[in-house]
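Before any comments, here is the structure.
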Amino acid sequence: MKEYFGPEFFSGNRERLRQLFTGTAPIVLTANGLLQRASDEAYPFHQDRSFWYLTGIAEPDIMLVMDKQKEYLIVPARESVREAFDGAVDPQALSRISGIQTVLNDKEGWKQLEARLKKVQHVATLAAGPAYLDAWGLYTNPARASVIKRMKEANPSLELLDLRQHLAKMRAVKQPPELAAIQSAIDITVDTLKEVTRSSSLAKYGFEYELEADITRGFRRRGADGHAFEPIVAGGPRACTLHNVANNHALASGELVVLDVGASVQNYAADITRTVVLGGKPSRRQEQIYTAVQEAQTYACGLLKPGTVLKEYEKQMEQFMGEKLRELGLIKTIDKETVRRYFPHATSHFMGLNVHDVGDYEQPLEPNMVLTVEPGIYVSEEGIGIRLEDDVLITKNSSEVLSKKLWRSLA
């Protein structure tokens, strides 16, 4: 697999951040930490995407300090038993990847950083979110909060400047290497979906997990890191649960199966959804609903261009989908509550280092932003859930579907 990112990419991002953040305060960012899965076992490590964007480093617990034109990494010590199991951190490799020449151990690094923090009023960092996100039922990685606490101990009067908006603005507009990695992830996803949804292939699957296994195999043997997110293989009424990731039910002939998957290539995501029918032709009702979703996606793609504001675009999509739902006999009047009963999610989200990536939904779209377009209709009382999703690049004057090589008909 081609390498898309070298030290010049990460050095360039750090310089862009310096230019965007015009203050003189030191910039301090931390990698994520490992999270316990069980006993002495960690969950697979997932790096803080903004930290990776500035360094390219995939190791936990490392810190980046940018102080005017000076920059250095702080690497914490590891217990010998952990080094035996996980390996030691190679400072030379960190420099080679990131382009940062100065790599300090924890004692030296914090001594230098604390001396600086005691002399300043502000430090720029990525603000820590709440420890628990009620809406999603998720605990957040504690690394940012831990580093902020330690900096405050060095200087209790220290004021934090939040860099999240700066980095979101930078990351939302993709550079050529990012677009190349995204296109590679999309191409791998497209080729894999073509393979597993051939008639001869579909006929052999008796369970959702069998489809998932072949998708995983297809991604890996084509050079992907793996999945960009937990794959969704949802047959029949299970497709009405939007993030149905159990993938453990038997498949029945004649039911629809939603495949919402995306490969990851060097941390960049694809996100594509297709709906297929198992064993024969779709029913007339399935075809009706699928056609409505397909028409909604075509309409949405036509709206996306530089200057479009996603918040307003979603209102247009809600109205359009309301008309389709009324034609299908599912609703009588078009209002938010009735439409969202059958169309409960947004049409588009930003995509990049995270499958649901950073971006401002109230600001006009710009060229080289990448988004999904994924309308869906979910009729739980009929056991029908249909979603159709492609990945779209905002171009100079319009938009381009990056996943256009994959069929859009009801297979």
Going through region 337-358 in order, the residues found to be charged (D, E, K, R) and touching a residue at least 60 places away in the same chain (Cβ under 8 Å) are Asp357
Residues of region 36-54 being loosely packed, with under 11 Cβ neighbours inside 10 Å and either in contact with a strand residue (DSSP E or B) (Cβ under 7 Å, 6 or more places away or on another chain) or not assigned by TED's automatic domain parsing to the domain that holds Ile148 (or both), in sequence order, are Gln36, Tyr43
Count, please, the residues in region 242-278 that happen to be farther than 30 Å from Ala181 by Cα, at pLDDT 95 or above and not aliphatic (A, V, I, L, M).
2
Got a number for residues in region 365-395 being touching a residue at least 60 places away in the same chain (Cβ under 8 Å) and closer than 30 Å to Gly236 by Cβ?
21
Of all residues being assigned to a loop (DSSP other than H, G, I, E, B) and out of contact with any Asp or Glu (no Cβ under 9 Å at 6 or more places or on another chain) in region 95-119, which is nearest to Gln69 (Cα to Cα)? Just the residue, please.
Lys119
Can you tell me which of (1) more than 30 Å from Ala269 (Cβ to Cβ); (2) free of Cβ contacts under 8 Å to residues at least 12 places away in the same chain is the one Met151 doesn't meet?
(2)
Within region 235-256, residues surrounded by 14 or more Cβ atoms within 10 Å (Cβ to Cβ) and touching a helix residue (DSSP H, G or I) at 6+ places or on another chain (Cβ under 7 Å) come out as Gly235, Pro237, Cys240, Asn244, Asn247, His249, Leu251, Glu255, Leu256
Of all residues in region 253-290, which are free of Cβ contacts under 8 Å to residues at least 60 places away in the same chain, in a loop (DSSP other than H, G, I, E, B), on the phi < 0 side of the Ramachandran plot and not charged (D, E, K, R)?
Ser253, Ser283
Select from region 58-75 the residues that are surrounded by fewer than 17 Cβ atoms within 10 Å (Cβ to Cβ) and either over 28 Å from the mean Cα position of the chain (by Cα) or part of a strand (DSSP E or B) (or both) and write down the one among them that is modelled with the highest pLDDT.
Lys70
Filtered residue count, region 362-391, keeping only those that are part of a strand (DSSP E or B) and either in contact with a Cys (Cβ under 9 Å, 6 or more places away or on another chain) or not assigned by TED's automatic domain parsing to the domain that holds Ala346 (or both)
6
Given the criteria surrounded by 15 or more Cβ atoms within 10 Å (Cβ to Cβ) and either under 23 Å from the mean Cα position of the chain (by Cα) or not aromatic (Phe, Trp, Tyr) (or both), does Ala269 qualify?
yes
Quick check on region 341-351. Is at least one of its residues in a strand (DSSP E or B) and among the aliphatic types (A, V, I, L, M)?
no
Matching residues, region 62-93, being touching a Leu at 6+ places or on another chain (Cβ under 8 Å) and of a type in the set (Val, Ile, Thr):
Ile62, Val65, Ile74, Val75
Going by what's in this entry, would Ser184 be described as closer than 21 Å to His46 by Cα and of a type in the set (Ser, Thr, Tyr)?
yes
Just checking, does region 392-409 include any residue being outside the structural domain of His46 (by TED's automatic domain parsing) and either at positive phi or among the aromatic types (Phe, Trp, Tyr) (or both)?
yes
Do the conditions hold for Leu117, that is, is it within 20 Å of Trp52 (Cα to Cα) and buried (at least 18 other Cβ atoms within 10 Å of the Cβ)?
no
How many of the residues in region 13-35 are buried (at least 17 other Cβ atoms within 10 Å of the Cβ) and hydroxyl-bearing (Ser, Thr, Tyr)?
1
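Test Lys324 against the stated conditions and say whether it is assigned by TED's automatic domain parsing to the domain that holds Ala181, outside any helix (DSSP H, G or I) and of a type in the set (Lys, Arg). Let's see the steps before the verdict.
Numbers: assigned by TED's automatic domain parsing to the domain that holds Ala181: yes; outside any helix (DSSP H, G or I): no; of a type in the set (Lys, Arg): yes.
No: the conditions fail for Lys324.
The values are calculated or read from the model by the stated rules, or taken from the named source; none is laboratory data. Remember, it's a predicted structure, so these values are computed and weren't measured experimentally. Heads up, the Cβs are rebuilt from the backbone with ideal geometry, glycines too, and the neighbour counts pull from every protein chain shown.
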